[in-house]
Amino acid sequence: MIRGVRGAITVENNEEIEILTATESLVKEMIKSNNIKASDVASVFLSVTDDINAAFPAKVIRIQGDWTYVPVMCMKEIAVPNSLEKCIRIMMHWNTELCQDEIQHIYLEKAIQLRPDLTKQ
């Protein structure tokens, strides 16, 4: 069955190295927390807020050795007034036998406020 694994992280600055480093940290934590193998991933969607445009965060996933053939796509988040700024979100579509409540969604930095109910303190 395909399940969605969610994740989000914020950056302080719209700079390529910071965007890529933050995305890598988030992706690695999503993989580690759920024991995800690239061969079980159907696709990955990444979205960024309007204030992030210095890099494609999907680049980090594409360069991981066994993730070469996983389809990834970047897109813009809806610009809702007063929403969280400088945020990178990930939706990973993963083939797993886990139930939805067994999946570990990962929210880091200021993105914790998006889903405190899913964030382990």
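Quick notes on this structure:
- The value of relative contact order for the chain, using C-alpha pairs under 8 Å at least six residues apart, is 42 percent.
- Share of pairwise Cα separations in the chain, more than 22 Å, in percent: 30
- Positive-pole candidate from Asn34, Thr21, Val60, dipole of the chain, charges at beta carbon: Asn34
- Crossing angle, helix 16-34 versus the chain [Cα axis fit, 0-90 degrees, rounded to tens]: 30
- Computed from point charges on the beta carbon alone (+1 for Lys and Arg, -1 for Asp and Glu), the dipole magnitude for the stretch 46-99 about its Cα centre is near 140 Debye.
- Helix-only CD estimate at 222 nm, as mean residue ellipticity for the chain, using -39500 (n - 2.57) per DSSP H run (n ≥ 4): -6000 deg cm²/dmol
- Gap separating the Cα centres of the stretch 1-53 and the stretch 56-94, nearest whole Å: 5
- The chain, dipole about Cα centre (Lys/Arg Cβ +1, Asp/Glu Cβ -1), debye to the nearest 20: 240
- Proximal charge balance of Thr23 [Cβ under 13 Å; K/R count +1, D/E count -1]: -1
- Convex hull volume per residue for the stretch 5-48, taking Cα atoms only, in Å³: 79
- Ordering Ala8, Ser83, Met73 by Cα displacement along the dipole of the chain toward the positive end leaves Met73 in first place; charges were set at the Cβ atoms of Lys, Arg (+1) and Asp, Glu (-1).
We did not get these values from a lab; they are worked out from the coordinates using the rules stated. Everything quoted here is computed from the prediction, not taken from an experiment. So basically every Cβ, Gly included, is an ideal-geometry build from the backbone, and we count neighbours across all protein chains shown.
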